[in-house]
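Engineer: Quick one: this structure, given as structure tokens, is what I'll be asking you about.
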Amino acid sequence: MPSRRLPSLAARILGAVLVLAAVPAPAATAAAPPGPGAPTVRAGEVMPHLRALQEIADRNGGNRAHGTQGYTDSVTYVRKALDRAGFHTELRRFSHAGATGYNLIADWPGGDPKHVLFTGAHLDSVKEGPGINDNGSGAAAVLTTALRVADAGLKPTRHLRFAWWGAEEEGLVGSADYVRSLSAADRKAIDVYLNLDQAGSKNVRQWLVVHDDAHHETEAQRAFEAWFADRGLSTFDIGVGGSDHESFGNAGIPSSGFSTGISDCLHNACDNLANVDPETEATSTNALLGVVWKLAATARN
Ligand SMILES: [Zn+2]
């Protein structure tokens, strides 16, 4: 969530939170059979990525913000893991506030290039803190999902693309730059973009699923809602806005995704490893795995 433009996402989430107060806290990791074929992970598989991002921030002045070594090291960490796993990765540079920013794009070989399932999360933090829930949690869930695609040697019907955005906290700068660079045909080829921003909040009561009314996007939204409902986890619809899916929405590209809500440590030094609930992080990662697996296997006419 961009600190420079606080916050339509914050407003949407705060509105949702007020509604949610009365909802009893669900069991965060209700064990349920995985969707057909979708793997599941435990916290122990995702949390090491968050620990690595925390260590990167610790050795770079406490943050991983745009234009800093902390952000560059974060990109290097994610890219190395993807290259090892067989992804085709690409760094897309952009310039903002006198510094070079980077978007990391990763394509999994195969699938119909005219029907792209695109999943992303911002990787940068604010300058004030390490950004482990905002948004190391989303970045780690997307990375874990991508690595599981590689582990499974997935042969999707749709083409799978993943992204880690830069300078989101500066106002969705990286994702907006990327979407601007797309041709009309490239944009048309994206069936849906899935965004994760803050996926490990503590004391989560409901998962806030993005509802893209403007583009009549229901396939992904319903897939997320069904995944959570199957596990007795309640959801709440929030509109498109306040994070990188807004850049796609502005270009007429359908989007969905979810958030676990903002924490008290939002944009603060205390948004560190202790600010993420490992079980919530595991549940969020499994939700993304379940939906990516489902949509990857689905053809859209
Ligand atoms: Zn964020």
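The values are calculated or read from the model by the stated rules, or taken from the named source; none is laboratory data. Note that the coordinates shown come from a computational prediction; the quantities given were computed from them, not determined experimentally. Counting neighbours? That spans all protein chains shown, and the Cβs are built from the backbone with ideal geometry, glycine included. Side chains are part of the model used for accessible areas, which takes the heavy atoms of the whole protein and leaves out ligands, DNA and RNA. Shrake-Rupley method; radii C 1.70, N 1.55, O 1.52, S 1.80 Å.
Engineer: Quick check on the range 189-236: of everything there that is farther than 16 Å from Leu288 by Cα and basic (Lys, Arg), which residue is nearest to the ligand (Cβ to nearest atom)?
Structural biologist: Pass one, the range 189-236, residues farther than 16 Å from Leu288 by Cα: 189-191, 202-205, 212-217, 232, 236.
Add one more test, that the residue is basic (Lys, Arg), and what stays is 202, 205.
On the way: Lys202: 16, Arg205: 19 Å.
The extreme case among them is Lys202.
Engineer: So Gly101 clears everything in (1) outside any strand (DSSP E or B); (2) touching a residue at least 12 places away in the same chain (Cβ under 8 Å); (3) closer than 17 Å to Ala163 by Cβ; (4) not acidic (Asp, Glu) except one condition, right? Which one?
Structural biologist: (1)
Engineer: Here is a further query. Find the residue count for the range 104-137, including only residues that are surrounded by fewer than 24 Cβ atoms within 10 Å (Cβ to Cβ) and either within 12 Å of the ligand (Cβ to nearest atom) or part of a loop (DSSP other than H, G, I, E, B) (or both).
Structural biologist: 6
Engineer: Now for a separate question. Are there helices (runs of 4 or more DSSP H) fully within the range 1-92 with at least 2 residues that are modelled with pLDDT of 95 or more? List them.
Structural biologist: Because the criterion is at least 2 residues that are modelled with pLDDT of 95 or more, the helices (runs of 4 or more DSSP H) in the range 1-92 that meet it are 43-58, 69-85.
Engineer: Which of the residues spanning the range 260-301 are within 24 Å of Val149 (Cα to Cα) and of a type in the set (A, V, I, L, M, F, W, C)?
Structural biologist: Ala282, Ala287, Leu288, Leu289, Val291, Val292, Trp293, Leu295, Ala296, Ala297, Ala299
Engineer: Give the residue that is surrounded by the fewest Cβ atoms within 10 Å (Cβ to Cβ), with candidates limited to residues of the range 192-229 that are small (Gly, Ala, Ser) and in a loop (DSSP other than H, G, I, E, B). Give the derivation first.
Structural biologist: The initial filter retains those residues of the range 192-229 that are small (Gly, Ala, Ser), namely 199-201, 214, 220, 223, 226, 229.
Right, trim to in a loop (DSSP other than H, G, I, E, B) and you get 199-201, 214.
Working: Ala199: 32, Gly200: 33, Ser201: 27, Ala214: 13.
Of everything passing the filter in the range 192-229, Ala214 is surrounded by the fewest Cβ atoms within 10 Å (Cβ to Cβ).
Engineer: Just to be sure, is Ala274 among the small types (Gly, Ala, Ser), under 18 Å from Arg42 (Cβ atoms) and assigned to a helix (DSSP H, G or I)?
Structural biologist: no
Engineer: Can you tell me which of (1) outside any loop (DSSP other than H, G, I, E, B); (2) in contact with a strand residue (DSSP E or B) (Cβ under 8 Å, 6 or more places away or on another chain); (3) within 16 Å of the ligand (Cβ to nearest atom) is the one Phe162 doesn't meet?
Structural biologist: (3)
Engineer: Another question, then. Which ones in the range 249-262 are under 17 Å from Ala199 (Cβ atoms), open to solvent by less than 20 Å² (accessible area, probe 1.4 Å) and part of a loop (DSSP other than H, G, I, E, B)?
Structural biologist: Hits for the range 249-262 are Thr260, Gly261.
Engineer: Do we have any residue at all in the range 281-295 that's buried (at least 22 other Cβ atoms within 10 Å of the Cβ) and touching a Leu at 6+ places or on another chain (Cβ under 6 Å)?
Structural biologist: Yes, because at least one residue in the range 281-295 is buried (at least 22 other Cβ atoms within 10 Å of the Cβ) and touching a Leu at 6+ places or on another chain (Cβ under 6 Å).
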